[in-house]
Amino acid sequence: MSATAGARKRGKPASGAGAGAGAGKRRRKADSAGDRGKSKGGGKMNEEISSDSESESLAPRKPEEEEEELEETAQEKKLRLAKLYLEQLRQQEEEKAEARAFEEDQVAGRLKEDVLEQRGRLQKSVAKEIQAPASADIRVLRGHQLSITCLVITPDDSAIFSAAKDCTIIKWSMESGRKLHVIPRAKKGAEGKPPGHGSHVLCMAISSDGKYLASGDRSKLILIWEAQSCQHLYTFTGHRDAVSGLAFRRGTHQLYSTSHDRSVKVWNVAENSYVETLFGHQDAVAALDALSRECCVTAGGRDGTVRVWKIPEESQLVFYGHQGSIDCIHLINEEHMVSGADDGSVALWGLSKKRPLALQREAHGLRGEPGLEQPFWISSVAALLNTDLVATGSHSSCVRLWQCGEGFRQLDLLCDIPLVGFINSLKFSSSGDFLVAGVGQEHRLGRWWRIKEARNSVCIIPLRRVPVPPAAGS
């Protein structure tokens, strides 16, 4: 009875909370068993799904799809535009910095050139770029009756002044080649008439601002003209023989003159006044030149010296090197010069050495019968300022262009430009675009020879530049 009742009690479901808990446990077991079955049966399905999603994520998406999927908020748009604006500002600042650096490089280069120019060491390399002009390209201006003796070019390269043994001065237009003005010969006893020269004009100079023109003649006179109108302003007297050389100091109206009386005189043209006289040469001085420094250089003719005159110290440096009469001289820069002599030699000088840095003998060859050959006289020299380009003239039927080597220690022939007659004067334009030659039938200082086939004329020689290709491997 009791056993049956205990069994019945054990088999009877519990009432209340205990019965509910037992039923919950059985349901949870069944659910957990079902879940395990599902996980076992559905694990492969889950793995396959995940692998498909990975493959889709690895596949490249088009930018358009990404932009469609991305929804940009207002705050994100503001941030993106701010970043874009800052990037633009950064690029602009970089461009400005590059422009400033370029300008600073240009200024530094210009300052370096100015310093080298002041020290007399600037040597721009232009000679190799010069191409020999054809004879047909040379312009010939004719107007003088006798041999051209000297010429100058205005600083702006717009006009040429030429003078000759016919005692006249002609102003030419560079562009058209026409006569702009003629200063006629002064006749003896003709008072009240326009002033002029009554004897051979041997030298001329023009101020660096183009305001004043000075001309000197065999009658010991220096006439000062207004370059624009060719109106006579002053007459300087004081030399005791023919005036053979004139030069203005660059940037000023200080005028240097030299003469066959062996002296060098200093004048102030703006104040119409005489300053001082310097002596030193032992024979007639043939030529003179000057640049920016308060000094000038002279060619001493038959005394065989080149002299540098230091005006403030009233002292001079004496240079020797030519064997003959030194008839022409020209400054290349503040520290170097070129000269020519009647022994046919051309010399390059430096102010720090009393002997030539380079000496080219028989620069224009020889003339005469075999066994009796004599060198062609060098009658004119010119140099393009602060470069390595030099020109020389003689009566060898050509003008020769030369290149100065490194440090002005060598002189190499570039080309010959055919011109018949005595090349009594040579001048480069300020730009270096052309060379002007004064040609005559006779030498400017005498009548030793006469070349009948020559024409008394001013010849404008164009100088075309061809850029030199860079060396291989550079």
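Where a number appears in this text, it was derived from the coordinates with a stated rule and is not lab data. Since the structure is predicted, the reported quantities are computational estimates derived from the model, not experimental observations. Neighbour counts run over all protein chains shown; Cβ positions are idealised from the backbone, glycine included.
Numbers for the structure displayed
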item: Highest to lowest packing among 324-332, 302-310, scored as the average C-beta count within 10 Å; result: 324-332, 302-310
item: Cα-only Debye scattering, the range 351-466: base-10 log of I(q)/I(0) at q = 0.21, 0.22, 0.23 Å⁻¹; result: -1.22, -1.29, -1.36
item: Positive minus negative residues near Ile160 (Lys, Arg vs Asp, Glu; Cβ under 15 Å); result: +2
item: Amide hydrogen neighbours beyond the local backbone of Val399, cut-off 5 Å, H modeled; result: Ile417, Leu419
item: Rh by Kirkwood over Cα pairs, then Stokes-Einstein D for the range 144-465 at 1.567 mPa s and 4 °C, µm²/s; result: 67 µm²/s
item: Fully extended contour minus Cα-Cα distance, from Trp449 to Asp412, at 0.36 nm per residue; result: 10.4 nm
item: Gyration tensor verdict on the range 388-439 (Cα atoms; rounded if a/c is under 1.5, prolate if a/b is larger than b/c, oblate otherwise); result: oblate
item: Integer Hz, Karplus 6.51/-1.76/1.60 couplings in order for the range 301-308, x for Gly and Pro; result: x, 7, 7, x, 10, 10, 10, 10
